[in-house]
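Taking it in order: structure first as structure tokens, then the write-up.
The values are calculated or read from the model by the stated rules, or taken from the named source; none is laboratory data. No experiment lies behind these values; they were computed from the predicted model shown. Every residue, glycine among them, receives a Cβ derived from its backbone with ideal geometry; neighbour counts consider all protein chains shown. Side chains included, ligands, DNA and RNA excluded: accessible areas come from the protein's heavy atoms. Shrake-Rupley method; radii C 1.70, N 1.55, O 1.52, S 1.80 Å.
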Amino acid sequence: MNIEIIKKDILHELHRMTGHLGSKLHAAEILASTPDDELRLNGMWSNVVSKLANIIGHYSTPVIYDEKVVFPLHMPPNWREEHLSNLQLQCQVYVQNELYASWLDCVKPDMAAFHRSLNADTQIAITHLLELRKPPVRT
């Protein structure tokens, strides 16, 4: 069982979110991220991946490639595997929101704290999904 976070997909979503915010506030040239920001985004990407690794650290050690991060899960045998797709989605949402908040730290810091507070709920959901177990079977 693996959780994969594809860097290209996350960056595409970041460009979309920041572009929307920039057009909404009539400041796209200031707020919107572009592929030209790759150097700055790579540092943010590493920090965000580290934050996710801290959340799921008891269950996985990340394997970092140039274009993706893979978290091989080491779950107990009674973990409910049917929650894997939801866990994958929550991890992607966490990375997207945290990267967005990191970008906002640079261009509009007053909004970054708000988005981090929203991501706290996602962190709780990830932890909850990791802790779901099947009830013990009595023999």
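In table form, for the structure just shown:
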| read-out | value |
| --- | --- |
| Test: residue in the stretch 54-72 that is among the β-branched types (Val, Ile, Thr), surrounded by 15 or more Cβ atoms within 10 Å (Cβ to Cβ) and closer than 15 Å to Gln123 by Cα | yes |
| Tally of residues being touching a residue at least 40 places away in the same chain (Cβ under 8 Å) and not in a loop (DSSP other than H, G, I, E, B) across the stretch 59-95 | 18 |
| Number of the condition not met by Ala120 [criteria: (1) open to solvent by less than 40 Å² (accessible area, probe 1.4 Å); (2) in a helix (DSSP H, G or I); (3) not acidic (Asp, Glu)] | (1) |
| Residue check, Arg40 farther than 17 Å from Glu4 by Cβ and surrounded by 12 or more Cβ atoms within 10 Å (Cβ to Cβ) | yes |
| Residue in the stretch 42-51 that is more than 15 Å from the chain's Cα centre (by Cα) and at pLDDT below 90 present | no |
